[in-house]
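The values are calculated or read from the model by the stated rules, or taken from the named source; none is laboratory data. This is a predicted model, so every value here is computed, not measured. With ideal geometry, Cβ positions are generated from the backbone for all residues, glycine too; neighbour counts draw on all protein chains shown. Keep in mind that these areas ignore ligands, DNA and RNA; they rest on the heavy atoms of the full protein, side chains included. Shrake-Rupley method; radii C 1.70, N 1.55, O 1.52, S 1.80 Å.
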Amino acid sequence: MTHKQKLELTWIGKEKRPKLEPRILLEDPAKSYHARHRVSDSDLFDNRLIFGDNLLALKALEQEFSGKVKCVFIDPPYNTGSAFTHYDDGLEHSIWLGLMRDRLEIIRNLLSDDGSLWITIDDNEAHYLKVVCDEVFGRANFVATVIWQKLHARNNSAQHFSSDHDFVLVYAKDLSKWRRNKVDRTEASDADFWNPDDDPRGDWRRSDLTAAKPYADGKYQVIGPHGDQFEPRNNRWWSLSKASFEELVSDNRIWWGKTGRTFPFRKRFKSELGELVPTTVWAHEEVGNNREAKQEVTRIFGRDDIFSTPKPERLLERILRIASNRGDLVLDSFAGSGTTGAVAHKMGRRWIMVELGEHCHTHVIPRLKKVIDGEDKGGITDSVNWQGGGGFRYCRLAPSLIVNDRWGNPVINPEYNAAQLAEALAKLEGFSYAPSEVQWWQHGHSSERDFIYVTTQNLSAEQLQALSDEVGSDQSLLVCCAAFHGITAAQAAARWPNLTLKKIPKMVLARCEWGHDDYSLNVANLPLAAPSASSASSGSSAPVADAGPAAGKKGARRDKLTVDLFGDSTGEDRP
């Protein structure tokens, strides 16, 4: 494959992309929660729990948090064909991939230049998802595929293989800027250390002194304690110079075996090695398993049927330790049982979680309250010495800004008050919503001299003239109003060059898919297409799931999933 050739995954409806409405977030103080007092100076209070569709929530976060998230962890529905308690998880490949692609693109925008994405997935979609991630993030930014041992006991009733692991796909926003942290040492990693010569520096393990790569000073002879002569074996070289070798000998860092006559090895002392470079195979003894995760949830809620596949806190601790530092911002847009927020909170990371299910209120909030109050004694609490503290803000997605009135005409949603309308239009126009306490016409800004003003009034020429005078010639103002009369738009532009006039709601009608509240990974929420001509002629009236960004319901139409090496679809049907 040449550098000009492109690996691309193609599926039905891939070219269709939703025109997402960038909604505002509305805080509900009654559901927000904070500790009664500070536990330490590092307590974090401005975490966010968002209730709503996670694709719309990601879009809502994009303006404020683009480039600010250090680590994104997501545990999406695996698309296995089985129905979970809280997620319908049986979407067609094309639908699932399209909805995941839409989320990944926004997630990439949210990540900081040195940030990373971690996705748990199983065999069913892992390899397709890998190619989609390659497209969105670039193959050069792929970091690793981690194998997590999710089960610790063999399933002897499995039809073919006992599936004991999941994958964690890891991508950097920019691999040249991403820096991973090391992980703590474990009993297993220290098992091969010993001290047969009673070295006062403590336990050590032996390390090879030769290398397969040619080294300029790597061919020389060394003499052992009893006069034995040693040279590297065929096609091997010493990995250090003779002078460096002699320095190790003088510092008792060379092991010649118990008899002093064996081939030399270097002594690596445990006390000097420090933390470990992470590996790509994570055993359940190190990071937990599904049973441990369910036990953690059971301890909190008193029953074990809440979530089928929660993730253990130790798994999230490993991920956040490698990918982030204290004070960094962590995002999980598939909050599930709230493990990411609980672990991030205990580890001193700021966090944002998104969840649509009602368990956001019945389970996630109570879990976070226990963490904040210091009443969660399970998971990683003891290992990180968590004492409680901090808090979070609960927000929900605002309803759609545009709705139809009883005659079918698009109008501003009557649920919006003046402040919410100003914030929504500021977001749609790319302004930061920040009402001034001094200037009544400054509802937001895009720079130090460019502002936005939102009103539902019909403005006259006299009112516009007064507004222009207040703004002044060295500033500019976008005026969003219901109408302006007594002057045309062209005349206004010529007369008041510091003002730009736009009418509400006409100014935004073509921007978004208004009134679309659910982009969740749930086939039951997707629209049904009309029967095809061939189906009608055969007498079949079974609907086919069109799914907006994709299409294909089993038994009616086959998905097209092809790997295209040259950017052209092969068009081969998948059985």
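Couple of notes before you dig in:
- Filter result for the condition that a residue is closer than 17 Å to LYS70 by Cα, open to solvent by 10 Å² or more (accessible area, probe 1.4 Å) and in contact (Cβ under 8 Å) with a residue 40 or more places away in the chain, over ARG299, ARG326: ARG326
- Sole residue being closer than 30 Å to ARG201 by Cα and modelled with pLDDT under 95, chosen from GLU286, GLU292: GLU286
- Considering each residue of the stretch 352-362 in turn, at least one proves to be surrounded by 20 or more Cβ atoms within 10 Å (Cβ to Cβ) and either touching a Leu at 6+ places or on another chain (Cβ under 6 Å) or of a type in the set (Ser, Thr, Tyr) (or both).
- Count - residues of the stretch 164-185 that are in a loop (DSSP other than H, G, I, E, B) and closer than 19 Å to GLU286 by Cα: 6
- Matching residues, the stretch 400-442, being within 19 Å of SER473 (Cα to Cα) and in contact with an Asp or Glu (Cβ under 8 Å, 6 or more places away or on another chain): GLN439, TRP441
- Restricting the first member to the stretch 34-55 and to residues that are β-branched (Val, Ile, Thr), and the second to residues that are part of a strand (DSSP E or B), the beta-carbon pairs closer than 6 Å and six or more apart or on different chains are ILE50/VAL354; ILE50/CYS395.
- Flag for VAL277 being open to solvent by 40 Å² or more (accessible area, probe 1.4 Å) and in contact (Cβ under 8 Å) with a residue 24 or more places away in the chain: yes
- Those strands (runs of 3 or more DSSP E) of the stretch 383-455 in which 3 or more residues are open to solvent by less than 60 Å² (accessible area, probe 1.4 Å) and free of Cβ contacts under 8 Å to residues at least 60 places away in the same chain occupy 450-454.
- Matching entry among ALA144, ALA140 (being under 20 Å from the mean Cα position of the chain (by Cα), open to solvent by less than 60 Å² (accessible area, probe 1.4 Å), closer than 28 Å to ASN325 by Cα and not acidic (Asp, Glu)): ALA144
- Whenever a residue of the stretch 457-481 is over 14 Å from GLN439 (Cβ atoms), its partners that are of a type in the set (S, T, N, Q) and open to solvent by less than 50 Å² (accessible area, probe 1.4 Å), lying with C-beta atoms within less than 7 angstrom and at least six residues away or across chains, give the pairs SER473/ASN498; CYS481/THR455.
Each row is one residue, and each column tells you yes or no for (1) in a loop (DSSP other than H, G, I, E, B); (2) in contact with a strand residue (DSSP E or B) (Cβ under 8 Å, 6 or more places away or on another chain).
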{"position": "GLY218", "(1), (2)": "yes, yes"}
{"position": "SER244", "(1), (2)": "no, no"}
{"position": "THR259", "(1), (2)": "yes, no"}
{"position": "LYS267", "(1), (2)": "no, yes"}
{"position": "SER271", "(1), (2)": "no, no"}
{"position": "GLU286", "(1), (2)": "no, no"}
{"position": "GLU292", "(1), (2)": "no, no"}
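- Any hit, the stretch 198-210, residues being closer than 17 Å to PHE245 by Cβ, without any contact (Cβ under 8 Å) to a residue 60 or more places away in the chain and open to solvent by 40 Å² or more (accessible area, probe 1.4 Å): yes
- Inter-residue pairs, beta-carbon under 7 Å, first hydroxyl-bearing (Ser, Thr, Tyr) and in the stretch 136-159, second open to solvent by 50 Å² or more (accessible area, probe 1.4 Å) and in a loop (DSSP other than H, G, I, E, B), 6+ apart: THR145/THR280
- Considering only residues in the stretch 218-268 that are more than 24 Å from ARG201 (Cβ to Cβ) and among the small types (Gly, Ala, Ser), the one that is most open to solvent (accessible area, probe 1.4 Å) turns out to be GLY227.
- The stretch 46-92, residues that are of a type in the set (A, V, I, L, M, F, W, C), outside any loop (DSSP other than H, G, I, E, B), open to solvent by less than 30 Å² (accessible area, probe 1.4 Å) and at pLDDT below 95: none
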